[in-house]
1. Write out the GluC sites (Glu not before Pro) in the stretch 87-169 meeting two conditions: DSSP loop, and at most 16 other Cβ atoms within 10 Å of their Cβ.
2. Students often get this wrong, so check it: of Lys65/Lys151; Lys78/Lys161; Lys65/Lys98, which have C-alpha atoms separated by over 25 Å?
3. Among the chymotrypsin sites (Phe, Trp or Tyr not before Pro) in the stretch 79-177, which ones are in a DSSP loop with at most 12 other Cβ atoms within 10 Å of the Cβ? Mind listing them?
Amino acid sequence: MRKSRIAFLTICLLAATLSLVGFSPAQEKVDPVNWRELVPFLIDIPGYDAEGDAEGATTTMGSVKISQAERSYVSEEKELQIEIIDGANVSMVYQGFKMAMNFELDNSEEYLKKVKIKGFPGIEQYNYEDQEAKVIVLINDRFLMTFDGEKYPKDASELTKVAEMFDLNGMADLANK
């Protein structure tokens, strides 16, 4: 799975960068849950076929540890990749998301807007020309769950509905473990 390898390499590079930056003093350093604990949250989705089993990794580089799990799905022509990252309270993991939460955009090429999914903050983004949809949810300031879709003909609202099918409260409980 090419996307899986790319995601894994991205996590490794991110971890290397974070080890140079350090942790935010505002958040307590914690160990991420093992990627195997994230896999059960990558459920079957009605109307979609999973492309194989979920994959993941828990990566340690220096004092930085990050876990990631992902699974791919298809529905007719639509392709969907779902990824969960436990950034273990490393502020840089969440920085891009938190910056995007202060920004909204609507133009002829794309839109980006804030959404709430089961009470958790999220971002819905769509590119009209490429028909690429994305929804990102931050769960308990700890887990980033990304729904990344291709060939969605209208907007990202279908991905927001898909995100609502997942046990986000269960992940929130896992963060308090």
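1. Working: sites: Glu104, Glu109, Glu110, Glu124, Glu129, Glu132, Glu150, Glu158, Glu164; in loops: Glu104, Glu109, Glu129, Glu164.
Here the sparse-neighbourhood loop sites are Glu104, Glu109, Glu129, Glu164.
2. Lys65/Lys151
3. On the way: sites: Tyr94, Phe97, Phe103, Tyr111, Tyr126, Tyr128, Phe143, Phe147, Phe166; in loops: Phe103, Tyr128, Phe166.
Answer in residue order: Phe103.
No lab work stands behind these numbers, since they all come straight from the coordinates. Just so it is clear, the model here is predicted, and its values are computed rather than measured. Here Cβ is always computed from backbone atoms with ideal geometry, including for glycine, and neighbour counts include all displayed protein chains.
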